[in-house]
Structure formats: C-alpha cells, structure tokens
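The values are calculated or read from the model by the stated rules, or taken from the named source; none is laboratory data. On a predicted model such as this, the values are computed, not experimentally measured, just so you know. Reconstructed Cβ throughout: ideal geometry from the backbone, glycine too, with neighbour counts over all protein chains shown. Keep in mind that these areas ignore ligands, DNA and RNA; they rest on the heavy atoms of the full protein, side chains included. Shrake-Rupley method; radii C 1.70, N 1.55, O 1.52, S 1.80 Å.
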Amino acid sequence: MMSLNGSIPPIHVPPGYVSQVLEDNTGVRRVVVMPHSECYPPSYSTALSPSHHIHPPYLTHPHFIPASHTSYYPPVSPGDMPPHQFYHHRLPPIYPEEIIPLYNVSTFMGHEEYCKPPPKKLKQPVERTGLSQATSPLSTSYKSTTACTGTANGYGKSHSSPGGGGGGGSSPGNKRPDRRARGSPKHTDIEPQDPDVDIRRVQAAPSGMDKPQVSKVQSHSALVSWTSAFSSGVSGQGWQGDGAPHSCNYELQLTDKGRDGKYKAVYSGEEQQYTLTDLRPATDYHVRVNTVCNSVKGPSSDVRAFTTHSAPPDTPLPPRLSHRTKSSLTLQWKPPADNGSKITNYILEWDEGKKNSIFREYYVGHQRHCKVMRLCPAVGYTFRVAALNDIGTSGFSTEVVFYTTGSLPQTSLPPRLVLAGPSWVTLEWTRPNSCSVEEVVTYTLEMQDETKGMEFQAMYSGLELNRKVEPLRRNSLYRFRLITCSGEWRSAPSSLLLCKTTPDRPGPPLNPAVNTVTYYSFCVTWEPPQDDGGSGELTYVLEISDENTEERKWATLYRGPERKHLCNNLKPATCYNIRVSSVTVGGQSQFSEDLTVCTLSPPPGRCQPPRNVGKVKHKELNLQWDGSLNGEESEGVAFSLEMCAMEEGSEPVEVYHGSKTECTVGSLLPGTTYRFQVRAANKTGYGPYSESVEISTAAGPPGQCSPPDINMTTHTCAVVTWENEKSSGIDISEYQLDWGHDLDSLELVYRGTEAYFQISNLEASTDYCCRLQAVNQAGAGPYSDLVTCRTPAAAPDVVSGFLLLDHPSTPEDSESFSPSTCLALSWDEPCCNGAEITSYSICMGESAITIGNTTCYIIRDLLPDSEYSLQIRAENEMGPGPFSQTLTVSTRPMPPSPPRLECAAVGPQSLKLRWGFSSRSPITDDTAYILQMEDRNQRFVVVYQGPSHTFKLQRLSESSRYSFRIQAVSKAGEGPFSGTYTFSTTKSLPPTLKAPRIVPLEGNACEITWESIPPMRGDRISYVLQVLGGRESEYKQMYKGEDTSFQLFGLQWNTDYRVRVFACRRCADTLQELCGSFSPSAHFTPRRSDTTLAVESDVTRVPMGNTLSDEQFASLIVFGVASLSVLMAFLLQLLI
C-alpha cells in the first residue's frame, strides 16, 4: 500500500499481525503489515517492500523477541489526533481488530515504546501516557523505523534528523525532533543509509544497567558505584556505525523528591563511581544510572535508595528582640534545621555588657525565648545563640547587640579612705543625692588586685555606707570602685580609688656573726630578717657593750642600710657583747640575741736565727732556735720555719710549723746550700722574721736520673737510651737499668757506664716498663720515674688444642647435630699478639672454611663413616698466623633406626614390652636401647636403658593407659625416637582369701565365716562358698552373695566335709565378673553327742537370720524385677 499525498486511510489489522509506517528518502510512506510472532531488526533499507525477508541470524536474538505482555504506542505530538493502541502481542488472549489511524511520522518506534506494559484502560490515551511516564521514565518519542528494534535497551537513532537521536533518557516534556514538511523534497546532502550501518548502530546502543551500589554514607556525602553490561561482547566499548570502536559514558541521576520525583544529573563521565557531596543530613535520596554511547542514552537502572546520616543542627539565625525595659531584655529565636536529630537544648550566651568579646552562658534549655534580667539602663548587650541535639552542637549565630531603655543614672562618687592598716583598709561612701529617702539603694564595692588579674572582684554588696576590707597584703596598692544599684537601675562604676596598706614592724636580723677578729678590731655581719614588714627599705642598728664593766651599757656603733660593720679602736684581749636590730617605716624590731666577741692578743716578737746542731748530713739538717727576744710568754706560741734555695727566683717554703724550737729538715740535696729563717705566731698572728742564715749539706749519692727513652725497632727488640746526669760532688761510676712487665717484676738487665742498651726477645703487643739509677762512691742515687712502653702487634700464634668434640658445646646446635654428617670442632684461642683475632680458616683438603671469631664450629653436610684431615689458623689485621698440626677425624656411621615396640604380656600392675631389630639399619653388638614412658606431666622419662630386647614394668595402676617411645643408640650416635605407643593394663582379680573358719552349732549345723574384701575401685565384691562332703568328687556351690558368713544345716554325722571360698569382682563399667582363686579348704566332721536325739534329715541350706515370710519374699521379688527393669532401660539408653 502506497500513499503519495500524505493521507493514510484507516487500516484494519487482522489478528496476529501488526502494521508499521515507513518513510523513505523521497518522502513516500509505506505501511508494512507483518505477523506478530516475529520481531524484525532494522537490517532492511527504508525502501523495503512488504515481501522483503528478515535475515535468519536475527530471528532468534533475544533482543528481537518481544515480551508477550508488551504493547505499542505511536508517538503523539501537538496537532495530531489522539493515537489508538496498536495490536497487543499477547497470544492468549487475542484482542479483536481495531482501526488504527496512521499519520506522517518522521521518527521511529523504539524498543522501550514497543515493549512497555499495557495501560490500565486501552481506550483512554491520557491514562496510557501517565502509565508510560510512571513505568518507563526514559520513554520518549519514537526514534526507529522498525516495529521492534534490534538494540538491547530499546533506543535507536533517527534516520531523518542528525540531532534527533540525542543520548540520554527524555521525559514527556522533551521536544520532539523537527520533521520535514509533508511533501517536501528530500535533502540532497544526506546520503542513503547503509543497512549494515543501521544494524551496527542498533547493536551499539547501550544495554541495561545494574542497580548502583551506595557505600561510605555520611551526613553530607556518599560514594556511588555501578557496573554495566553491553550488547556487544566487549565490556566498556561500543561500535560506531562505520565499525570504529568508541567509549561509553555514564550518567548518574539523583533526586530527593521520592522514587518517582524529578531526577537531576549530577555526574557524567567514564568512571564507574562518584562521590556525592553537599547532601542534606537525614534525607532520603534515590539514585539511578544509565549509559550514553554515541549520543544514544540507554535505559535507566533500578533505583537505589539511601538515607544520609544525622548531623548537628544548622547554625541558627541570630536572636531577635521582642520586648525590652530599663533592666531587662526579652529575646526570641527560630529553630534551625535539626538535621535528623531532635533539638534538645538551646545555648544563649552574652558578654555581660563588657564589650570584651568574652561570652558567658546565660541560658541553656529547650525554650526558644529568654528574658535577661537585672540589666543596666541604656546599656548595650551582645548575644548569640546555638542549638544542641544528640549528635552535637551547632555553630553560634552571628552576634547581635540590643540596648535597654532609659537614661543612665549619675555616676557614683568614688569611695573614700578612712583608715589603713598593714592588712586592712576602711572605706566609706555617700548616698546619691538623686535617690529618694524611700528608695532602697544597694552598694557594690569592687577591688582590683593586680597579682590576681585585671578584673574587679566584688568585696561587699549591701546597704551600709562603709566597709572594712580585709585581709590584704601589707604595703600593697589596691584599686577600689563603687557601683550603686536600685530596683530599676544600676549605675556605672565610679572612678577608681587607689589605696595602699601600711608596712608592718619588721623582724630582728638573722644570724649575726663575727669574722676577721684582730686585737684592735673585728667585723660583724648579719642577714636580713625573714619578715621585713612589707617595706623593702631596711635600716640596721648595731650596739656594743663591754663585758668587763660592772654596769652594762649599750652604745650604738652603726646605723645604716649595710649588713656588715668593722668595729675599730677596741682593746686587745677584751670581750665585748654585740646585738643588732632593724628599723623601717613600720617601726623598730626587737634586738637579736647577744653575741660575745673577744679581741686577740698582740703577736709575738722577733726570734733568734736558727743554727745547725750535730753532724752535717747530705740529705737532712737538724736545726734549733731560741724564742722571742722580748722575753714574752711562750703559751700558745707557734713557730714557722721557712727554707729557700740559693738559686735566683726561688720562693721560700715552710718546712716546719709547731710549738717546739727545733726540727729536722729532710729530703735535701747533697752538697747544696739553703737559706733558713723563723718567726713566731699566736692567736693574733705572725711576728717578724728572724735574720736569715745559710747552711750547706754534705756531699752524697747522685741525684735522680731523667727518665730514659725507649725506641722499639721490632716487636721483639727495643733500644733504651738516657742522658749523663750531673754528680752530687762526686763523679758517677755506673748506671743500673731495671726492666720488666710491671713494677713488681723489674729485674736488673744492664750495669755500666754507657748511655744506651738494647733489649731482645720481647713478646709482641706486651706492656713493659723500666727505670734508671746512677751510682757513685757515696752510694746509689734514687730511681728515675718509671717509663712504660708497648711492643707492636703481630700475627696470631699457632692455634693449640684443636680437637674433635663428641657433642656440640651449645644446646641450640645439639638439636640439628648428627655425628654421621657433622663434625664438632673446638680449639683454644691463641695469643692475638696485640691485634684482635678477626677470623679462623679451617683447611679441609683443597677447600678452606672461613669462620668468625669463635672457638668452636660444626662442619655439616659430610659423608658418613669418612675420614678427613683438618688444619686451622687464626687471622687478625696484621695477617694470618701459622697452621696448626694436622687433625685426622672421621665421621660416624648412620645411627640406627628405632625398633618396633610390642606388648608381650599384660597384667593389672605390669606390662612386658619387647622390641625387635630394625630392617632399615644394621644392628651391632654395641647397640643399646632407651625406653621412655610419659609421666603425668606429659614428659617422657627413661625407664630402661640397655642392650636387652624386653623389659617388664612393675607397680603400675590397673586399667590405665601408658605411652611409650623407644630409641636405639650405638657408636654411630643416638637414633631418632620412635612414634608413641600406647598400652593399657588390665583390671586386678580379687585377692585369694584365707581358709574359712567353721563354728559348730547345735545339732547337725555349723556356721562358716571368712574375711571381707573392700570394694576395688568402686566395684562391688561378692563371695562364692563351695562344699565337698562324703564321697562326692566335686565341690558344690552352696552360697553366692556379699555376706561374709553362712550357716549349713542338715549335715550328716561322722562325715568329712571340706569348705572353700573365693571372691568375685563385679566391674561397673563392663558388667564383667572377675573371680579370684580359691582359698585353702577347711576340713571338719560333725560328731553325734550322747544327748542328741534329733532325727537325721536331708542337708538343707538356710542363710543366717530368720526365715522370710511370704509377704517379705514377694516384696523382694518385686524389688528385684523393678531394679532389673531400670538397669536394662539404662543399658538400652546407652546403646541408643
């Protein structure tokens, strides 16, 4: 069917078919009717005839098979008639035919328009449009010429307009693309579209998106990530119409108006995650994402909802003034956004009218208004407010200033000082003249203490007109001001009053002392008092009195600020008393304690010069002198003898100080002249020197030699040289040189007149010392100072003590040591010869092993049962030392493997273990075995060690488990331990009882008793009694129970009977009964007595005690049956 004028008549579509309008490049429209069971891809050209077939590969593609519940809706634009519904592709049921008017369409139907759900009412286009908008927000006008596009997401590109196929989902309000006027010629610049290109464009359309994921949700941000699947096989790439690959972008949309609200694109790009910012706290958001490829927008993903976290409230607006008076301000404020958490309190702060930007809290509560009371008239106050919820506190609002009404009262007059003391001041003030008599006026006295800060502190608040302020610091400055208040106003602070407290009386000076005492004067010092009375300016008064006078009068010697004074013009050898006091503005202190001082006596006079007494010696002089020439008393007099050498510039030296008039001066030089002088001294001081006298010593031995010089030529040789010394009046005859390691080991090594000597055979890196002595005819002089030296270092000595160890010296190496493959070596550290040993070299054949500074080493990875020749040498920084002697060692054979451990015999208190040979290692005659058993602390202890292959363990516990392991040991070493073997002991049998005791009873009866056995490990014990009588050949069981006695009746007279008993153990865990061995039998024969007339009867067995009645016997049977039932039920329960 063709139409050239643009008018298309109504078309009746039969059931099972669908019609489609196609427009070619010339403007000719065609209506194609095709079966509903096929969904054709846009692989045909715009001039396709109705008979054109569909390419087979597209028939089974999942994107070309429409859902059975979808329906088609033609595009609607202003001016078009209301569209009717196309035939529904739903086989059961089949809708009847409908008349579908078709109009000129320049856009094409997309897959999402084709496959959208049917509306509730098919005949009402308004409802259909609303349903399309609600269920498919990306539904737009048709963009394809096919009835069912081949794209995966339902979008196609327009063939008539290059911009008509813009990517991204469009809403019902989007403009439809402009279409060419009906009947207008086709543009010549647009070439016909290639069908293959159309197929590739349809295939490049973006596929559906997965639901985005939301993570890291905060109060103002959240991270959104997503993934996508494409219709083409390549992830993240599409294909352009000409076959060239291109990348796809993602568009993220956000709304806070609910799932069906208006979405806003917040991100577009190639990344698959995006962080949302500037979100509102505690708000529900919905996000979705779609893909845009080649300007084609795919369908939106499912909507993901999330809610941001709560946050502190927003900053509130500044408070506003609702009412004000002279002394109050009423404020109100609006609540800010609570950001998901209810506002619990508001904080109102103010600056108290001080304008110092320091705010204090005035109100905290949930009310949104507050009345500020007790304010001053005509004063501005600054306020700010903040909100508080469970999450936190908001920021403070902007500061706002409000003023109270009224005019300021007159400024209060400052307070006046009445009286001041050291720790208090008394102030007074007057009542304002402007106040009436009836008006109650309150006065607030404030004080500023600079030591506590610059703020004024309230010291008094009341109705009085005076106040005594205390306690205060003495001699300190304070500032006071007064504030006057009434019921309706408050005055500004008055001008400042500066007050200063008075100083206090100071304390007495401390620690008066006397020094530099002479016989005419002494100096007195003291320290300031602990309490200066608050005044820094102190004046001291020093008084003195003579202790020798009868009337003790004090005279003032000094008055001033200094803390010391020199008392002159005093009498010698006289005692005086002194005292001192301090004076300030606050008054004079008390005097210090009296101090007694005595002046010294005058010094002694000149002494006679000293003289030598006795024979003159070469090292000492005996001197003597007379006392003072003035004949003064010698009590308390000491003498000082000074000596001076005759060389120029020599200073005199005191060689004696004492009360005697003679002394011996030693340590002098022989043949030397000295000058001596003496003077006397007492408590006062020294007297004048006597005349000097020159005295000479006799000639003597030589003096001390200078220290010799040592020159080391090699580490074993040294040359010692020295200088010729001056003689002490006699020429030197020889020198003596001592040499050794230390002072105690010095030996004479040279004696002669030469000034040098060579010493050999020294040890390397060893300390030596020497000293020199000169000798003349008078004797030997003193030794020179000791001179030390050290020989240079050398290579180490030969290593000694190189030997092979059986085991390593350290426990750490013993764990991995095997004598079959390892050699443990040890050696003694040689002499390092002054340089620390850095390493050792072990030569093993042609190979060498270098190790550190250690005296032991383990050579590993050797061959078993092999012989090696070893040498070792030490090395230091001077070089390697010589090799030691060759050490020939051998590795041991491989140690034997552990044998298999078996249990040969088991008893209740014993286990007999045996082990055999190991097939993996040879067994020699020297092979021994170590058997270990695990104790209670889970440690293995040795229970046997020897060459035997069996061992029996005694004194074990019955029915117990024991763990063992075994190890083989030979000359090759200790083999490894075997695995753990576990064996158990059996339960013990009851012990054998002693022979039972038989006691005859009256008649032909007897009572048999036997010993009892206590329960064994909780198992009960029963007894079995057997009797052998007459000609019987076997014992018969007469009793079995837990009693230890039994009575036999009806015995035959003069018949031999034998009785034996054994014990049985009833195991509680296995219900097994273990019987012990028989006891020795007891023999007895009943004898008839003359008085016995009883009739013989058959042998009966009656237990001890009375015969049971019928009722008792029945009860016993019932109890036994019940007990057996309970026991069987318990056993069945355990088995189940």
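Dipole magnitude for the stretch 259-389: computed about the Cα centre from +1 point charges on Lys and Arg Cβ and -1 point charges on Asp and Glu Cβ, it is near 760 debye. Take the Cα of I11, step 7 Å toward its Cβ, do the same at R416, and the gap between the two points is 12.0 nm. Measuring nothing but protein heavy atoms, the accessible surface of the stretch 836-956 at 1.4 Å probe radius is 46 percent carbon and sulfur. State, as an integer percentage, the relative contact order of the stretch 485-617 based on alpha-carbon contacts under 8 Å between residues 6 or more apart. After rounding, I find 28 percent. For the peptides 1023-1032, 770-779, the ranking by packing is 770-779, 1023-1032, with the highest mean count of neighbouring Cβ atoms within 10 Å listed first.
For the pair W1053 and Q1112, a Förster radius of 41 Å applied to the C-beta separation gives a FRET efficiency near 0.80, rounded to the nearest 0.05. Dipole check for the stretch 992-1080: with +1 at the C-beta of Lys and Arg, -1 at the C-beta of Asp and Glu, and the Cα centre as origin, the magnitude is about 200 Debye. Relative to its residue count, the stretch 319-386 spans a Cα convex hull of 82 Å³ per residue. Summarising the overall dimensions of the stretch 266-415 from its C-alpha atoms, the Rg and Dmax are 24.6, 91 angstrom. For the stretch 278-363, the fraction of 1.4 Å probe accessible surface lying on carbon and sulfur atoms is 44 percent. Full extension of the chain between K216 and T442 gives 75.1 nm of extra length, using 0.36 nm per residue less the Cα-Cα distance. For the peptides 301-312, 367-378, the ranking by packing is 301-312, 367-378, with the highest mean count of neighbouring Cβ atoms within 10 Å listed first.
Between L1071 and K912, the distance separating the two model label sites (each 7 Å from Cα on the Cα→Cβ line) works out to 3.4 nm.
The listed peptides 1034-1040, 335-341, ordered by packing as a protection proxy, come out as 335-341, 1034-1040 (highest mean of other Cβ atoms within 10 Å first). Label zone of T393 (point 7 Å out along Cα→Cβ, amide N under 14 Å): in the stretch 318-362 this covers 344-350, 359-362.
Tell me which of A972, Y1039, S959 sits at the most positive position along the dipole axis of the stretch 940-1046, charges placed on C-beta atoms (Lys, Arg +1; Asp, Glu -1). My answer, from the dipole projection, is A972.
Using the structure shown, list the pairs from K264/K297; K564/K683; K619/K683; K355/K452; K952/K987; K987/K1036 with a Cα-Cα distance above 26 Å, or answer none.
K619/K683; K987/K1036
Pairwise Cα distances in the stretch 941-1024 exceed 22 Å for 57 percent of all pairs.
Which one of P796, F757, H807 is farthest out on the positive end of the charge dipole of the stretch 754-850, using unit charges on Cβ (Lys, Arg +1; Asp, Glu -1) and the Cα centre as origin? About the Cα centre, the residue reaching furthest to the positive side is F757. Taking 13 Å as the cut-off, the amide N atoms of the stretch 510-544 that come nearer than this to a point 7 Å along the Cα-to-beta-carbon line of R559 belong to 539-543.
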